[in-house]
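To keep things clear, I will list the structure first and then write my remarks on it.
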Amino acid sequence: MTVQPIDGWRFFVKGGKMDCVVDLEHGKCDCGVYAVEKIPCSHAIAAGTSAGLHISTLVCPVYSKDFLFAGYSENIYPCVGQQVEEHTCFPLDVKRGPKRQKKSRWQSWLELSRMRGRKPLSNTGFIDAQNARKLAIRNHNVRNYVDNLQVTKGHCTEDFPDYL
């Protein structure tokens, strides 16, 4: 991405999905991601690095450890008038069924064909263009040969060609 400074805090960032004007002072970008999430988008990161700022200074302070610790620093009490019973809470027991776990991977073409009871097409799983042409020519020749075949008293008047 190319960054062109407009003034001290605003930059024009060219590249990515769209060209944007980034305002680092107010935490805004034309793409809208920086203003909503308060985490710098790729345009804001490019503008900040060209201005010589560290990326962590562009993130809203709400995401810092200090704010997280401050949220849990005081005691949390239930609402007034609410009755609280004292007992120990344990995590729920996760029970699995009696069956085996389902497979979570993609099966190969060979495994799929064996499960379905079919014979695979080829050892690569598909017929390439050259083999398809050979197969079409062979089928065409067989059809033409059968059409031209003359039968007399249960015997063929011609011998079968080598390609059959």
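The values are calculated or read from the model by the stated rules, or taken from the named source; none is laboratory data. None of these values were measured; they are calculated from a predicted model. Note that each Cβ is placed from the backbone with ideal geometry, even for glycine, and that neighbours are counted across all protein chains shown.
Has the range 40-60 got at least one residue that is of a type outside the set (Gly, Ala, Ser) and in contact with a strand residue (DSSP E or B) (Cβ under 6 Å, 6 or more places away or on another chain)?
Scanning the range 40-60 turns up at least one residue that is of a type outside the set (Gly, Ala, Ser) and in contact with a strand residue (DSSP E or B) (Cβ under 6 Å, 6 or more places away or on another chain).
Please state which one of 52, 16 is modelled with pLDDT under 90 and under 17 Å from residue 2 (Cα atoms).
Answer to the selection: 16.
Looking only at helices (runs of 4 or more DSSP H) that fall completely inside the range 1-75, which ones have 1 or more residues that are touching a Lys or Arg at 6+ places or on another chain (Cβ under 7 Å)?
Output list reads 33-37.
Condition check ((1) more than 29 Å from the chain's Cα centre (by Cα); (2) surrounded by fewer than 10 Cβ atoms within 10 Å (Cβ to Cβ); (3) modelled with pLDDT of 85 or more) across all residues:
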position: 32; (1), (2), (3): no, no, yes
position: 48; (1), (2), (3): yes, no, yes
position: 57; (1), (2), (3): yes, no, yes
position: 67; (1), (2), (3): yes, no, yes
position: 82; (1), (2), (3): yes, yes, no
position: 88; (1), (2), (3): yes, yes, no
position: 98; (1), (2), (3): yes, yes, no
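Provide a single number: the residues in the range 12-27 that are farther than 16 Å from residue 57 by Cβ, surrounded by fewer than 17 Cβ atoms within 10 Å (Cβ to Cβ) and more than 23 Å from the chain's Cα centre (by Cα).
So the answer is 5.
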